[in-house]
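**Q** Let me begin by handing over the structure; questions about it come next.
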Amino acid sequence: MSQSIKLKGAPLAEIREQNPLLVSYNVEMTEVTGGTFWKAYTDAQVEGTEEFPVISDWTNMGNLQQYYEPIDLYNPRLRKMAKALGVAWVRVSGTWANKTYYDLDGKMGGKLPEGFQNILTREQWIGVLDFVKYIDGKLLVSVANCPGIHSAEEPWTPWQAEPLFALSKEYGVPIEAAEFTNEPNMMAMSGLPAGYTAEHHARDHALFGKWLRENYPECLFVGPCTCGDINMFGEMSAGGGIASALKMVTTEELLGDYTEKCDVFSYHYYNGVSERGAAMGGHWPVEKCTSEEYLALAAYCARQYLGRRDRYVPGGEMWVTESGDAGCGGNTWASTYLDVPRTLNELGEFSTVTRGVIFHNTLASSDYGYLQHGTFEPRPNFFAVLLWKKLMGDTVYDSGEPIREGAHVYAHSRADGKEGVAYLIINNSKTDTTTVELPSPATVYKLTGYGKLRSRVMALNGKPLALGEGDALPELEGVRAEGTLTLEPSSCAFITV
C-alpha cells in the first residue's frame, strides 16, 4: 500500500547526540599480512543470473575462501576514497588477528613460529599506521590469543601485545582502543588454544584489561567482541543451529566475574548469513532483502544488547565492531544497490537506539566492502555513506513518523551546521510509491539502482555515480523541490529542509 509522509521543519524533539565517527570500518588483519578471506562471486552470481552452489560442508573453509596478497595501503585511489569518508575509526582485527605473530624486529625472517598462523612485519604495521595518520583516524585492534601465545591452562601474557602497542605509540599513531579477542564466543572457529573455555577467556580478558590500564591508560578497553550469542537473524535463525554448530558461549560466561571493566561494549552484527554459509542456517533469500522483517533486525539486535551494555558498561557507548550485509563475506547482491537500503537503515535505526560506532566490514575487501577489492572502485554503499556523512548531522531527532513498509524516516541535524533538518527516507516497498509532503522548499538527493535494483552502479537523482578523470569523485548535488515528492519503490532519499 502506498504511504504518505508529512515532514516537519525544525524544531523536532531531540533523542541524542550521536558519535561523530559513527561511520567507521575494518581493515582486516588478513588484508594487512596477506592471507585467506572470502572468495569473490562470479559476475553472473552478482547479476543474479547464476545461483551460488549450495556447499553442505561449510566448515571446510577451502570451499569458501581463497588467498589474497597484502593490501597496498599507500594506493592513491584507496587513500583518496578513504579520505573522502572523513575521520573514522579503523579496526584491524578479524579471526586472522587471533593467530598473528608480530615480527616487528624482523628476527623471524619470515619463518612462522609454532602455534601461529601468520606473520605481521614491521613494514606492514607501519603501513597501517601511515594509513590511519593520513585519514586523521583512530586505531582499534584486537590482540593475538592462540597456542603460540599460551596454552589454555597458562594465563595470557602481553609478550606479543607490548611491542605492537609500543611501536604504535612511538610512531605517533597510538592504539586508541583495543578488544582482547575477535569473536571469542565462537570457540570452534576462532583459533584459540586447545581446550580453551569461557572460564579461560574470563581470566585472560581480565588480565588484558589490567595490563591495558596499567600501561596504556589512555586506550579505551572495548569488549567483549561477540557475534551471534543472541537471536541475530530473526525468523531465519530456525532451531538455533548456528549457535549449536559453532559451540557458541554467552557474554556472561565470557566475562565471568568481570573484575576489569570495559569502557565500551562491543558486538558484531550481520543481517544474516550469505550464500557461502547458507547450509549453517540464517540465510535470507534475496526476495526478502528489503522486507520489514529483514530491515528490523539491526535495531532489534541493538536493543537486545542494550541490557548487557547497561550491566557491563553502564552509561557507555555500544560499538558494532563488525557489521555488513551478511556473515561469510556478504551476499551475492552485497556489492550492488540492493544492499543500500539495509546499510542506510542500519545507520538510521541504530542512531535512534543508542550512541556508538558502526565498523563496516570492510573498507576494501570481499563482496560487502565499500570498495572493490584490488581496483578500489567505489561501490553503491560507499556513495550512500558518503552522502550520510555530507548531510546527516550528529543530533538525532524523533521524525514523528512510525516505521512501516514504504516509510522508514530518520531525522538528524544538518551536517553543514545550518538551521533545519536532514531527513533520510527509505521506501523499502518493491511495488508501491511513497508520497512526501515537504514543509518548505527543500534539497533532495534521491538514490536508486542505475537501470535495475541489482546494479553495481547507483544513481543520484537519475545520474550514475562513478569516478571521473583522475579518480575525481562525482558531484553529490541535490535538486530543489517544493510541495510534494514521489519516491519510487525501493528508492532512498536524503532531504534537507
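**Q** So, of the residues in region 291-313 that are closer than 30 Å to ASP432 by Cβ and among the aromatic types (Phe, Trp, Tyr), which turns out to be surrounded by the most Cβ atoms within 10 Å (Cβ to Cβ)? I'd like the intermediate steps shown before the answer.
**A** Of the residues in region 291-313, the ones closer than 30 Å to ASP432 by Cβ are 291-303.
Filter again for among the aromatic types (Phe, Trp, Tyr), leaving 294, 300.
Numbers: TYR294: 22, TYR300: 16.
The selected residue is TYR294.
**Q** Then there's this: Would you check which residues across region 7-53 are touching an Asp or Glu at 6+ places or on another chain (Cβ under 6 Å) and among the charged types (D, E, K, R) and list them?
**A** If the condition is that a residue be touching an Asp or Glu at 6+ places or on another chain (Cβ under 6 Å) and among the charged types (D, E, K, R), then GLU17 is the only one that fits.
**Q** Quick check on LEU140: is it surrounded by fewer than 20 Cβ atoms within 10 Å (Cβ to Cβ), in contact (Cβ under 8 Å) with a residue 24 or more places away in the chain and either in a loop (DSSP other than H, G, I, E, B) or in the same structural domain as ASN98 (by TED's automatic domain parsing) (or both)?
**A** no
**Q** Now, a different point. Count, please, the residues in region 107-137 that happen to be surrounded by fewer than 22 Cβ atoms within 10 Å (Cβ to Cβ) and either outside the structural domain of PRO184 (by TED's automatic domain parsing) or in contact with a Lys or Arg (Cβ under 7 Å, 6 or more places away or on another chain) (or both).
**A** Matching residues across region 107-137 total 4.
Each row is one residue, and each column tells you yes or no for (1) modelled with pLDDT of 90 or more; (2) outside the structural domain of SER323 (by TED's automatic domain parsing); (3) touching a strand residue (DSSP E or B) at 6+ places or on another chain (Cβ under 6 Å).
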| position | (1), (2), (3) |
| --- | --- |
| GLY209 | yes, no, yes |
| PHE221 | yes, no, no |
| ILE242 | no, no, no |
| VAL249 | no, no, no |
| TYR267 | yes, no, yes |
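**Q** Can you tell me how many residues within region 429-447 are out of contact with any helix residue (DSSP H, G or I) (no Cβ under 7 Å at 6 or more places or on another chain) and either modelled with pLDDT under 95 or surrounded by 14 or more Cβ atoms within 10 Å (Cβ to Cβ) (or both)? Working first, answer last.
**A** Of region 429-447, the ones out of contact with any helix residue (DSSP H, G or I) (no Cβ under 7 Å at 6 or more places or on another chain) are 429-444, 446.
Checking which are either modelled with pLDDT under 95 or surrounded by 14 or more Cβ atoms within 10 Å (Cβ to Cβ) (or both) leaves us with 429-430, 432-436, 438-439, 442-444, 446.
Here the count works out to 13.
**Q** Quick check on region 393-400. Is at least one of its residues part of a helix (DSSP H, G or I), under 20 Å from ALA88 (Cα atoms) and among the small types (Gly, Ala, Ser)?
**A** For region 393-400, residues part of a helix (DSSP H, G or I), under 20 Å from ALA88 (Cα atoms) and among the small types (Gly, Ala, Ser): absent.
**Q** Here is a further query. Scan region 329-354 residue by residue and report those that are among the aromatic types (Phe, Trp, Tyr) and either closer than 24 Å to ASP394 by Cα or outside the structural domain of TYR41 (by TED's automatic domain parsing) (or both).
**A** PHE350, the sole residue that qualifies.
**Q** Based on what the data block shows, is LEU424 surrounded by 22 or more Cβ atoms within 10 Å (Cβ to Cβ), in contact with a helix residue (DSSP H, G or I) (Cβ under 8 Å, 6 or more places away or on another chain) and modelled with pLDDT of 95 or more?
**A** yes
To keep it simple, each residue is scored yes or no on (1) of a type in the set (Val, Ile, Thr); (2) assigned to a helix (DSSP H, G or I).
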{"residue": "THR343", "(1), (2)": "yes, yes"}
{"residue": "GLU349", "(1), (2)": "no, yes"}
{"residue": "HIS373", "(1), (2)": "no, no"}
{"residue": "PHE383", "(1), (2)": "no, yes"}
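**Q** Can you tell me which residues in region 421-432 are out of contact with any Gly (no Cβ under 7 Å at 6 or more places or on another chain) and of a type outside the set (Val, Ile, Thr)?
**A** If the condition is that a residue be out of contact with any Gly (no Cβ under 7 Å at 6 or more places or on another chain) and of a type outside the set (Val, Ile, Thr), then TYR423, LYS430 are the ones that fit.
**Q** Among the candidates ARG77, ARG122, which residue alone is closer than 22 Å to CYS219 by Cα, at pLDDT 95 or above and of a type outside the set (Asp, Glu)?
**A** Answer to the selection: ARG122.
**Q** Take region 302-341 and flag every residue that is touching a residue at least 12 places away in the same chain (Cβ under 8 Å), of a type in the set (Gly, Ala, Ser) and not in a loop (DSSP other than H, G, I, E, B).
**A** Once the filter is applied, which keeps residues that are touching a residue at least 12 places away in the same chain (Cβ under 8 Å), of a type in the set (Gly, Ala, Ser) and not in a loop (DSSP other than H, G, I, E, B), region 302-341 yields ALA302, SER323, GLY324, GLY327.
**Q** Let me spell it out: the conditions are (1) farther than 30 Å from ALA40 by Cα; (2) in contact with a Gly (Cβ under 6 Å, 6 or more places away or on another chain); (3) of a type in the set (Ser, Thr, Tyr), and TYR337 meets all of them except one. Which number is the exception?
**A** Unmet for TYR337, out of (1) farther than 30 Å from ALA40 by Cα; (2) in contact with a Gly (Cβ under 6 Å, 6 or more places away or on another chain); (3) of a type in the set (Ser, Thr, Tyr): (1).
**Q** Okay, next question. Quick one: which residue in ALA88, ALA97, ALA84 is hydrophobic (A, V, I, L, M, F, W, C), under 24 Å from the mean Cα position of the chain (by Cα), at pLDDT 95 or above and within 19 Å of MET189 (Cβ to Cβ)?
**A** Going through ALA88, ALA97, ALA84 in turn, just one is hydrophobic (A, V, I, L, M, F, W, C), under 24 Å from the mean Cα position of the chain (by Cα), at pLDDT 95 or above and within 19 Å of MET189 (Cβ to Cβ): ALA97.
**Q** Those residues that are closer than 26 Å to HIS201 by Cβ and polar (S, T, N, Q), I need them from region 100-143; list them, please.
**A** The answer is THR100, GLN117, ASN118, SER142.
**Q** For LEU12, all conditions in the list (1) more than 30 Å from VAL409 (Cα to Cα); (2) in contact (Cβ under 8 Å) with a residue 12 or more places away in the chain; (3) surrounded by fewer than 21 Cβ atoms within 10 Å (Cβ to Cβ) hold save one; what is the number of the exception?
**A** Unmet for LEU12, out of (1) more than 30 Å from VAL409 (Cα to Cα); (2) in contact (Cβ under 8 Å) with a residue 12 or more places away in the chain; (3) surrounded by fewer than 21 Cβ atoms within 10 Å (Cβ to Cβ): (1).
The values are calculated or read from the model by the stated rules, or taken from the named source; none is laboratory data. Nothing here was measured: the structure is a model prediction, and the numbers come from that model. Here the Cβ is made from the backbone with ideal geometry for all residues, glycine too, and neighbour counts use every protein chain on show.
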